[in-house]
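Every number here is computed from the coordinates shown, using simple stated rules; none is lab data. Fair warning: this is a prediction, and the values are worked out from it, not measured in the lab. With ideal geometry, Cβ positions are generated from the backbone for all residues, glycine too; neighbour counts draw on all protein chains shown.
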Amino acid sequence: MFVDRVRIFVKAGDGGRGCVSFRRAPYEPHGGPDGGDGGKGGDVVLVLDPHRNDLSHLFLAPHQVAQDGRPGMGATKAGRKGAELVLPIPPGTVVSRIPGSPEQGSKLLPLPPRDAELDRVADLTPPTRRFVLCQGGRGGWGNWHFRGPRNQAPRRADPGKPGESGQFVLELKLLADIGLVGLPNAGKSSLLRRLTSAEPKVADYPFTTLSPTVGVLEWPDGHRLTVADIPGLIRDAHLGKGLGDEFLRHVERCRLLLFVLDLSGRDPLDDFHLLRRELEAYGHGLAERPFLVVGNKTDLRTARRAALRRARPGGEEPRFVSALTGEGITELTTAFRHRLDPHPFPASRQEAVCVSAEEIG
Ligand SMILES: Nc1nc2c(ncn2[C@@H]2O[C@H](COP(=O)(O)OP(=O)(O)OP(=O)(O)O)[C@@H](O)[C@H]2O)c(=O)[nH]1
Ligand SMILES: [Mg+2]
């Protein structure tokens, strides 16, 4: 189960109660106040975890409550702090508060629609690694704070402050340098496998890919680019056909789009225009994003190659590869690098190598 949008209720720990206590010792019948302060409640902290690629763990456990602080004790001993609650989340998660969510009360509100106006509180994208979503409450003062010349034996101690709470929507928008966009069966996943060591499923039927995958391309000089593969788009995807535009938000933050066209299928130029129209209909600036065009499956049909080259779809010189045989892959990775890295790099170092998809972040 791939989950990229959840709503959760979180509550930080309450502060511990302050203590009312008096010193007791032999020969000291009226020892002064010595009630310690309550401990602070635990915070709820979001922490980036590059090994996580979705939010299913929070979908299954949408109530997250941190530990309360312990009450203060005699002999001015402070109560122990509540442990912080760490929620690991994938890089690229956007966190918004559901407006009007009751500060108290843990009944989950319905997940707001995608276009709802939400109050964004954080975008967990490196270099941000930690974000305190809810602060734990301060511990209450013990009675020794209230001693004074007029009141040598205060019986007052404060309760701890309640921890912050709220309901939030967490939405994953994958972070990658390059996003693969294409019709079902164009060979996007095969290309990702060829480019990186990620292993998305590949099969000879449409909609093999049901969730996005990110892989990493690395050059010997240490330069890295991340590549995201998403489910295929079809005509009227923006109206919810196929898997709809549900997954386009995962390429919203890619710096470069790669249109993957199937040379063995229908007219690749038509496919290109269809994809462009879907991106325009989706909006969010995707249609204006820089792109490259690649014709895949050169091992099957070469006749289409010349026609596509002449047509220069979108004014771009198309590249040609075979994800199956590896033909043209080095030229493609070089094109990525030239497009995304402003610094020229030596020709001898142009061939990229694969690294584990887990090393993202
Ligand atoms: N001959 C040949 N077949 C290829 C090539 N690239 C992909 N294929 C085949 O095309 C089919 C679809 O490949 P996928 O990589 O699953 O395509 P996809 O674009 O990820 O498809 P969806 O996930 O359904 O959108 C598979 O049977 C692949 O083996 C290629 O370069 N040459
Ligand atoms: Mg696929």
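Things to note:
- Order of Glu331, Glu278, Glu164 - criterion: other Cβ atoms within 10 Å of each residue's Cβ, fewest first: Glu331, Glu164, Glu278
- Net charge of neighbours whose Cβ lies under 9 Å from the Cβ of Ser211, counting Lys and Arg as +1 and Asp and Glu as -1: -2
- Of all DSSP beta bridges in the chain, antiparallel share, percent nearest 5: 60
- Hull shadow area, averaged, the range 178-359 [alpha-carbon convex hull, nm²]: 9.7
- Ranked list, fewest to most other Cβ atoms within 10 Å of each Cβ, for Phe59, Phe247, Phe207: Phe207, Phe59, Phe247
- Lysine pairs with alpha-carbon atoms under 29 Å apart, the chain, spacing 8 or more or separate chains: 24
- Å³ per residue enclosed by the Cα convex hull of the chain: 178
- Sorted fewest first by neighbouring Cβ atoms within 10 angstrom, Lys107, Lys173 come out as Lys107, Lys173.
- The alpha carbon centroids of the range 248-297 and the range 126-182 are separated by 44 Å.
- Environment charge of Val321, counting only residues whose C-beta is closer than 9 Å and scoring Lys/Arg +1, Asp/Glu -1: +1
- Of all beta bridges that DSSP places with both ends in the range 1-172, some 75 percent have antiparallel geometry.
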